[in-house]
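Scroll down for the structure; my scribbles are underneath it.
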Amino acid sequence: MRNSLPLGFPLARFARFATLGGLAILGPLGAVDCGGTSSSTSGPSDNGSSSGANPSSGGSSGGTGPAPTMASASMQGPYATVTSYNSGVPTEADYVNPNIYYSSSAPTPMPGVIIAPGFTETQTTAACPLTQWAKFLGSYGFAVMLIDTATGGTANTITPQPSDRANALMEAEKNLIAENTRSGSPLAGKIDTTRMALMGHSMGGGGTLIAANANASSHPELKAAIGLCPWNSATDPYTKDTMPSLMFDGTADVLVSVGAGGMATGEYSSIPTSTPKMYSEFTGGTHYVACTPQGTAATDIVVARQGLSWLEVHVMGDSRYAQFLAQDPTNSTFNLNP
């Protein structure tokens with residue numbers, strides 16, 4: 001079973017939490033030392049007040065194994081040895097250099113995640129090493145496919161727009177699913193083709209939410225989307241998004257502005273209030289605040305916990321993680337809806 005953990009995994013057992021009512025929390029906290037100047041910003045909001053989330057359809061009501069804790073959900077998972085391969089994995093018009101990360105000790109079938117980089121970035125760019133997300137999520141039993149953007153099948157990190165990166169994500173999702181049946185694939189027969197998620201940074205994050213907006217109804221296997229400081233200059237870009245969508249950003253992001261009239265505010269507000277969505281903004285966070293879930297900064301730990309929990313709740317239906325979809329002292333603005 002996917003949610004089983006190996007014997008001896010060092011987690012303290014907590015009493016199981018009931019799923020919390022998924023209402024919104026919004027508001028600045030006091031000064032926090034997290035690498036930037038403390039400030040209060042106005043940001044996205046919806047009505048209500050609470051700190052939990054309801055799992056979307058497509059999963060069980062809860063997981064098995066030791067109950068997750070705030071500490072355990074913020075660190076490397078129980079399947080710590082994560083490997084990658086690229087042999088035999090196709091490229092497409094909008095992406096090249098596919099690399100698939102997974103743990104051979106994780107239960108199967110494994111849910112999948114596809115991650116796209118931002119403008120001028122590759123999957124290994126030092127400022128935003130998406131390999132950290134691949135290894136982190138791989139240690140929790142996800143099969144994670146990283147890609148680099150392309151134009152006409154030739155590597156291109158500059159000109160592809162968010163819409164092109166959305167196309168890349170969907171092409172990659174098709175091929176990650178195909179690994180389940182491809183002869184010679186290390187993951188043949190080991191991928192849960194009914195549980196997929198999309199992620200991306202900057203323009204790749206904008207592409208993630210564009211893909212969610214365009215494909216939620218036609219791709220029921222897509223259960224969740226996560227935008228890491230997503231960049232998209234379009235007005236009201238995600239009005240048809242019904243996929244549970246998480247956005248990270250920071251008050252010091254000079255590319256994706258926050259607060260009243262900011263790009264991030266417009267993006268998040270365009271997602272219908274009927275869609276499960278979450279906005280997590282960090283005091284002093286830069287455009288790269290959500291890139292390093294294996295880092296040591298206070299915000300890194302929160303990004304890891306919130307990002308993992310979003311996938312566990314909405315992809316796997318594990319309501320035990322809903323308690324971690326909550327405002328943290330490092331958040332300048334936080335919203336959870338419904």
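The values are calculated or read from the model by the stated rules, or taken from the named source; none is laboratory data. Bear in mind that the values here come from a model prediction, so they are computed numbers and not experimental data. Virtual Cβ from ideal backbone geometry, glycine too; neighbours counted across all protein chains shown.
Quick notes on this structure:
- Remark: pairs (first residue in the range 148-162, under 20 Å from Pro129 (Cα atoms) and free of Cβ contacts under 8 Å to residues at least 40 places away in the same chain; second residue of a type outside the set (Asp, Glu) and buried (at least 21 other Cβ atoms within 10 Å of the Cβ); Cβ separation under 7 Å; 6+ apart in sequence or on different chains) = Asn156/Thr149; Asn156/Ala150.
- Filter result for the condition that a residue is more than 26 Å from Val313 (Cα to Cα), β-branched (Val, Ile, Thr) and free of Cβ contacts under 8 Å to residues at least 60 places away in the same chain, over Val254, Val258: Val254
- Restricting attention to the range 106-120, the residues being over 19 Å from Leu311 (Cβ atoms), surrounded by fewer than 23 Cβ atoms within 10 Å (Cβ to Cβ) and of a type outside the set (Phe, Trp, Tyr) number 1.
- Among the conditions (1) touching a Phe, Trp or Tyr at 6+ places or on another chain (Cβ under 7 Å); (2) part of a helix (DSSP H, G or I), the only one that Trp310 does not satisfy is (1).
- Hey, Ile191 more than 27 Å from Val289 (Cα to Cα), crowded, with 21+ Cβ neighbours inside 10 Å, in contact with a Gly (Cβ under 8 Å, 6 or more places away or on another chain) and of a type in the set (A, V, I, L, M, F, W, C) or not: yes
- Flag if Val254 is surrounded by 20 or more Cβ atoms within 10 Å (Cβ to Cβ), at pLDDT 95 or above and not charged (D, E, K, R): no
- Picking from residues in the range 308-323 that are surrounded by 24 or more Cβ atoms within 10 Å (Cβ to Cβ) and touching a Leu at 6+ places or on another chain (Cβ under 8 Å), the one that is farthest from Gln132 (Cα to Cα) is Ala322.
- For the range 289-302, the tally of residues that are in a loop (DSSP other than H, G, I, E, B) and surrounded by fewer than 23 Cβ atoms within 10 Å (Cβ to Cβ) stands at 5.
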